[in-house]
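This report refers to the structure that appears directly beneath it.
Since every read-out is calculated from the coordinates, none of them should be taken as a lab result. Quantities reported herein were computed from a predicted structural model and do not represent experimental measurements. Heads up, the Cβs are rebuilt from the backbone with ideal geometry, glycines too, and the neighbour counts pull from every protein chain shown.
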Amino acid sequence: MKIEQTGTHAVIVIPAFEPTENFITVMMAIREVSRRPVMVVDDGSGIHFQTIFGQVAELGAVVLTHETNRGKGAALKTAIGYVQQHFPNSVGMVTADSDGQHAIDDIVHMAEVLEAGEQGLVLGVRNFEKGQVPAKSYWGNTITSKMTKLATGLTIPDTQTGLRGLPMAILPAMANVQGERFEYEMNMLLELKSLQIKLTMIPIQTIYEGQNEGTHFHPVRDSLLVYRRFLKFGLSSLTSAGVDVLLFALLLMTVFHNASTGTLLLASVLARLVSGVVNFSLNQRWVFQSQNVAGDRRRYLILFSVQMILSAVLLQLVDTVIPHPIPVKIMVDVIIFIGSYLIQKQLVFKQRQEQIHES
């Protein structure tokens with residue numbers, strides 16, 4: 001069987017962990033309609049699944065093996081490295097799942113999109129309608145989609161799709177995206193704007209066999225991984241807000257005994273200065289793990305100054321209507337928090353990775 005390996009074709013990549021016999025059927029179906037290279041990453045499935053991988057290899061797939069289970073993100077990164085080294089003239093790679101959740105026609109169409117010259121990340125987007133998909137998939141995708149919109153400004157109706165097209169030009173950047181398990185695919189989307197990678201979405205069929213019982217997505221553990229950066233930013237913000245409000249209250253009760261315009265402003269500034277140092281340290285080292293300390297500090301100082309002035313001004317304005325400074329301060333800071341994640345991620349702690357431009 002002759003497999004196409006010219007620069008006009010995409011490589012089909014399938015990460016697999018403890019696949020069922022249906023994986024063989026999937027591979028046979030691919031082979032019936034396409035002679036594109038297929039690469040499978042066995043992510044530590046173990047000896048009991050080697051018969052399945054052996055049959056997949058007999059059908060023409062390149063099979064790479066992780067000795068232990070390292071996660072879907074790690075498997076995709078292994079595939080990215082292999083494609084770069086062994087298929088340097090291909091147009092890129094199409095990622096698909098091994099459990100039959102993607103129609104073969106959609107996999108082939110995704111490859112054709114890349115082969116037509118698409119240079120951005122391509123998502124195969126399913127139609128999520130309540131009652132038409134398993135409940136955990138509907139709610140999980142709905143929540144993640146809303147959070148992605150908040151974090152990036154991008155409206156992505158299917159953030160959890162495994163059918164994706166990655167052109168060769170963006171593979172180096174995708175290899176540097178953080179994450180080893182299911183959170184890796186989410187992190188791809190979160191990094192698109194900072195990497196200046198265009199996003200293209202194409203509709204695909206929605207298939208859930210057996211209520212998606214074959215998925216290895218663990219609802220609690222893997223959701224925490226997917227939402228980890230959001231959760232860490234929220235915890236950092238709550239900690240800083242706690243320091244801010246506590247110090248503000250202490251200053252009013254122990255140092256400034258009259259809640260005049262001047263004392264409110266001074267107490268707000270002093271409290272914000274201390275909480276700002278706490279917030280910068282947590283976000284720079286823990287949330288975004290940025291290494292550009294000097295640049296981060298300058299950009300954060302600008303954002304911090306704007307937020308401090310805005311907080312003080314709003315505090316004064318609202319206090320004229322609601323004469324209770326501490327509750328008012330909490331309300332004002334919650335309003336300011338809404339856009340803070342996006343600003344810090346995109347402008348303050350931005351990653352110094354290679355930027356990919358649409359050609």
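Once you list every other residue whose beta carbon is under 13 Å from the beta carbon of Ser305, what net charge do they have if Lys and Arg are +1 and Asp and Glu are -1?
Details: positive: Arg272, Arg297, Arg298, Arg299; negative: none.
Surrounding charge for Ser305 is +4.
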Query raised in the report: Which three semi-axes in whole Å describe the equivalent ellipsoid of the stretch 1-129, each the square root of 5 times a Cα gyration tensor eigenvalue, listed largest first?
Result: 22, 17, 15
**Report entry** Distance in nm between pseudo-label sites at Glu21 and Leu150 (7 Å out along the Cβ direction from Cα)
**Finding:** 4.6
Query raised in the report: Given a Förster distance of 35 angstrom, what is the FRET efficiency for Thr65 paired with Leu246, based on the Cβ-Cβ distance and rounded to 0.05?
Result: 0.05
Query - Nitroxide proxy distance, nm - points 7 Å out along Cα→Cβ at Trp139 and Ala169 - result: 4.2
Report task. Please check which bits of the stretch 13-52 a label hung off His86 would reach, taking the label as a point 7 Å along Cα-to-C-beta and the cut-off as backbone N under 16 Å. Result -> 13-16, 36-44
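Assuming R0 = 45 Å, can you tell me the calculated FRET efficiency for the pair Asp105 and Leu235, based on Cβ-Cβ distance, to the nearest 0.05? Each step should come with its number before you reach the end.
Details: r = 44 Å, r/R0 = 0.98.
So, using R0 = 45 Å, E works out to roughly 0.55.
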Query raised in the report: Which links in Lys72/Lys198; Lys149/Lys232; Lys149/Lys198; Lys146/Lys232 stretch past 20 Å when you go from one Cα to the other?
Result: Lys72/Lys198
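For Leu273 and Trp286, compute 0.36 nm times the residue count separating them, minus their Cα-Cα distance, and round to one decimal in nm. Mind dumping the intermediate values first?
Details: separation 13, 0.36 × 13 = 4.68 nm, distance 1.97 nm.
Difference between extended and current length: 2.7 nm.
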Report task. Kindly provide the trypsin sites (Lys or Arg not before Pro) of the stretch 1-77 that DSSP labels as loop, not H, G, I, E or B, and whose Cβ sees at most 15 other Cβ atoms within 10 Å. Result -> Lys2, Arg35
Report summary line: Shape descriptors of the stretch 140-203 over alpha-carbon atoms, Rg and Dmax in angstrom, are 11.3, 31
